[in-house]
Amino acid sequence: MKSALGAAPRTLLVFVDGLGLGERNPAVNPIYRGDCPRLRRWLDRHATPVDATLGVPGLPQSATGQATLYTGRNAAAFMGRHVPGLPGPRLREFVARHNLLSELIRRGYRATFANAYFTDDIEEVRRRRRMSVTTAAALAAMGRVRARAELFAGRAVYHDLTRETLRERGYAGPLIKPEEAAAHLLDIAREHDFTLFEFFQTDLAAHRGEPKAVEAVLARLDKFLAALAGWPRRRRGLLLLISDHGNLEDGATRGHTRNPAPLVALGRGASVLRERVRRLEDFAPALLACYPRKNSRLQASPLGI
Ligand SMILES: [Zn+2]
């Protein structure tokens, strides 16, 4: 099967939790008053709105939203409701069975999750009763996640970019700048066909509802994004930013919103993706359409391209 785009792109996907497309009003939306010019420009010029409501009543939530993004199947319909936070066993199984990372690897591509776990023992992560959708997907697809040694060797990125939140966990080493975290992520992306990084401080800060803290998170994220911005100019480079639901863009509430999530797409195949993704469940199939199977003897997958 041929891709719609010819040769498959080198994709760098930055997942940003709880970031919706809201009013362009600085009184309501911190993105329009904060020190985040890159993010603002991307949302204004390079984003398409993605319906995150999944056709299920209530506010969209992270576990079902992320599970839908990475499987291409409507996880809220599967569960009969929006599931917040971390997935339980049934939803974890749903993610582990078929997801974007495992499907790309099955098709013969190098796909990876770049986030670091602050542990030396991957088995301990595997045994955790509670883990994120992405952890479940990465363990199923890669058989591992990136551990502490890789973080300190610059071969993984901590979720907060600077390692500052590791202080609460006894870390006494140096902090790094968001730009250095971006350099580490780009080093990983150069060695892979698909690289995923997950940032969720946006959602956490918005839930706490302190405007200054929200703006600080946005400023940090923006420095990181600006340092990634050269990626699409690489041959075959595709840079994507997507979210699971709204939250931060509406300063009038600490909760999630029903605003559309943005899909920012820059570089090779960006316009095709922006055209094809209208709902969260469109994302994985649209991306996989760019990655034809390298081994045509393999059977079609339930992600179905
Ligand atoms: Zn949330």
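A short reminder: the numbers here are calculations on the coordinates, not readings from a lab. Computed from a predicted structure; not experimentally measured. Please note: Cβ atoms are built from the backbone with ideal geometry, for glycine as well, and neighbour counts cover all protein chains shown.
In this calculation the C-beta distance from Ala183 to Arg97 is compared with R0 = 35 Å, giving a FRET efficiency of 0.50. Maximal additional length on extending the Met142-Arg208 stretch stands at 20.4 nm, based on 0.36 nm per residue less the C-alpha distance. Sorted from longest to shortest, the spans of the Cα atoms of the stretch 187-305 along the three principal axes equal 53, 30, 22 Å.
On the beta carbon distance between Ala7 and Arg41, with R0 = 30 Å, the FRET formula returns roughly 0.60.
Residue separation of Arg279 and Arg169 scaled by 0.36 nm, minus their Cα-Cα distance, works out to 35.8 nm of gained length. For the pair Arg190 and Lys294, the difference between a 0.36 nm per residue extended length and the Cα-Cα distance amounts to 35.5 nm. Going by neighbour counts of Cβ atoms within 10 Å, the residues Phe283, Phe152, Phe94 line up, fewest first, as Phe152, Phe94, Phe283. Per-residue 3J(HN,Hα) values for the stretch 154-162, derived from phi via the Karplus relation 6.51 cos²θ - 1.76 cosθ + 1.60 with θ = phi - 60°, read x, 10, 6, 10, 6, 4, 8, 6, 9 Hz in sequence order (x marks Gly and Pro). If R0 is 30 Å, the Cβ-Cβ spacing of Asn25 and Glu123 corresponds to a FRET efficiency of close to 0.05.
Using C-alpha pairs below 8 Å separated by at least 6 residues, the relative contact order for the chain is 36 percent.
As a proxy for reagent exposure, ranking Arg155, Arg220, Arg45 by other Cβ atoms within 10 Å from fewest up yields Arg45, Arg155, Arg220.
For Arg279, nonlocal amide neighbours, meaning residues 5 or more places apart or on other chains whose placed amide H falls under 5 Å from its own, are Asp51.
Could you tell me how many cubic angstrom of Cα convex hull volume the stretch 10-288 has per residue?
For the stretch 10-288, the hull spanned by Cα atoms encloses 117 Å³ per residue.
Dividing the summed -39500 (n - 2.57) terms of all DSSP H runs of n ≥ 4 by the residue count of the chain sets its mean residue ellipticity at 222 nm at -10500 deg cm²/dmol. Here each label is just a point 7 Å from Cα along the line to Cβ, and for Arg258 and Arg236 those points are 4.3 nm apart. Summarising the amide proton neighbourhood of Gly18: residues at separation of 5 or more, or on other chains, whose placed amide H is nearer than 5 Å comprise Asp244, His245.
Ranked by how many other Cβ atoms sit within 10 Å of their own Cβ, fewest first, the residues Arg144, Arg233 fall in the order Arg233, Arg144.
Output the antiparallel fraction of DSSP beta bridges having both residues in the chain, as a percent to the nearest 5.
Once the DSSP bridges in the chain are tallied, antiparallel ones form about 35 percent.
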